[in-house]
1. Does segment 229-252 contain at least one residue that is in contact with a Pro (Cβ under 6 Å, 6 or more places away or on another chain), farther than 16 Å from residue 79 by Cβ and surrounded by 21 or more Cβ atoms within 10 Å (Cβ to Cβ)?
2. Do you know which residues across segment 179-224 are surrounded by 19 or more Cβ atoms within 10 Å (Cβ to Cβ) and not in a loop (DSSP other than H, G, I, E, B)?
3. Within segment 70-87, take every residue that is under 15 Å from residue 204 (Cβ atoms) and of a type outside the set (S, T, N, Q) and give me the one that is farthest from the ligand (Cβ to nearest atom).
4. Between residues in segment 48-60 that are under 13 Å from residue 97 (Cβ atoms) and residues that are within 8 Å of the ligand (Cβ to nearest atom) and in a loop (DSSP other than H, G, I, E, B), which pairs lie under 7 Å by C-beta distance while being six or more apart or on different chains?
5. Answer yes or no as to whether residue 149 is buried (at least 22 other Cβ atoms within 10 Å of the Cβ), farther than 13 Å from residue 35 by Cα and out of contact with any Gly (no Cβ under 6 Å at 6 or more places or on another chain).
6. In segment 51-60, what residues are touching an Asp or Glu at 6+ places or on another chain (Cβ under 9 Å) and more than 7 Å from the ligand (Cβ to nearest atom)?
7. Hey, among the residues in segment 67-126 that are acidic (Asp, Glu) and without any contact (Cβ under 8 Å) to a residue 60 or more places away in the chain, which one's surrounded by the fewest Cβ atoms within 10 Å (Cβ to Cβ)?
8. For segment 225-240, which residues satisfy the criterion of being acidic (Asp, Glu) and assigned to a helix (DSSP H, G or I)?
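What follows draws every value from the coordinates through simple rules; no lab data is involved. Just so it is clear, the structure is predicted and the values come from calculations on it, not from any experiment. Methodologically, a virtual Cβ is constructed for each residue, glycine included, from the backbone with ideal geometry; neighbour enumeration extends over all protein chains shown.
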Amino acid sequence: MLDKMKLWKSQPISSNFQERVMRIKKQEVPSHVAIIMDGNGRWAKKRALPRVAGHHEGMKVVRKITKLANELGVKTLTVYAFSTENWKRPKMEVDFLMKLPEEFLGTFLPELVKENVQVKMMGYREKLPAHTLRAVESAINETKNNTGLILNFALNYGSRAEILEAVKHVLNDSNNGIISEKDLNEETFSSYLMTSELADPDLLIRTSGEIRLSNFMLWQLAYSEFWFTDVLWPDFGEEHFVEAIEVYQNRQRRFGGV
Ligand code: FPP
């Protein structure tokens, strides 16, 4: 276990990057990759910049990794952009983070459309500012018929709240005779979660050296492979994503079996 949890040291960018990409494509590519994009604040601090500069740089990395994930054949990329706990941050930072989806989609949506990417969102929509929600909903709508990579933004997302809400929904459906105890199993319960239309992540990546889940997809990550790196999210490059997938392809997933 300890061995599995150790940080992976990043390798230098290899000149045979394209070869590595080709090799990856020949093996089983993780269908769903989820990323906790951490370290934006520290990246900015190291450069004596305001924290929001780190978030802005981090936004550009989302674009880069989406493109690569799509090229590698990943089906779903979930990125933790804002948690239900992030409202505790200074108002100026929260306001900035809430403007990023507009900037991201305003800049990159035409490219995403061209690349057949489908935008989705999981999280509590009610508390999001109207301008944030408008940008996201419009991107979801514009890309709904696309059939390539699903770029799933976890925005105002919290896993405990999600599970609790699902339990309440099940109870309500049970009271109304829509579901009975005998029909409730892992599969039916999963259909009450915000990820009902998605497969569980095969691979979780967290950057910046923190080894925790921070209330992210607690149910869905039950059998995922974890890969941690001490690279800060704004410094996360294609070579790191490729490295994470190479490590994943060398792991043996047993799902509790032998
Ligand atoms: C955690 O780093 C990061 C966040 C809370 C925000 C992540 C958001 C982005 C990378 C941009 C999202 C892009 C779009 C398109 C919506 P931190 O601020 O906690 O870093 P620290 O631990 O170094 O302080």
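1. Of segment 229-252, the ones in contact with a Pro (Cβ under 6 Å, 6 or more places away or on another chain) are 248.
Add one more test, that the residue is farther than 16 Å from residue 79 by Cβ, and what stays is 248.
Narrowing further to those that are surrounded by 21 or more Cβ atoms within 10 Å (Cβ to Cβ): 248.
Checked against the condition, which is being in contact with a Pro (Cβ under 6 Å, 6 or more places away or on another chain), farther than 16 Å from residue 79 by Cβ and surrounded by 21 or more Cβ atoms within 10 Å (Cβ to Cβ), segment 229-252 yields at least one hit.
2. If the condition is that a residue be surrounded by 19 or more Cβ atoms within 10 Å (Cβ to Cβ) and not in a loop (DSSP other than H, G, I, E, B), then 203, 204, 205, 206 are the ones that fit.
3. Checked segment 70-87; the qualifying residue farthest from the ligand (Cβ to nearest atom) is 74.
4. From segment 48-60, the pairs are 58/37.
5. Criteria met by residue 149.
6. The answer is 52, 56, 57.
7. Among those that are acidic (Asp, Glu) and without any contact (Cβ under 8 Å) to a residue 60 or more places away in the chain, it is 126.
8. Passing the criteria: 235, 238, 239.
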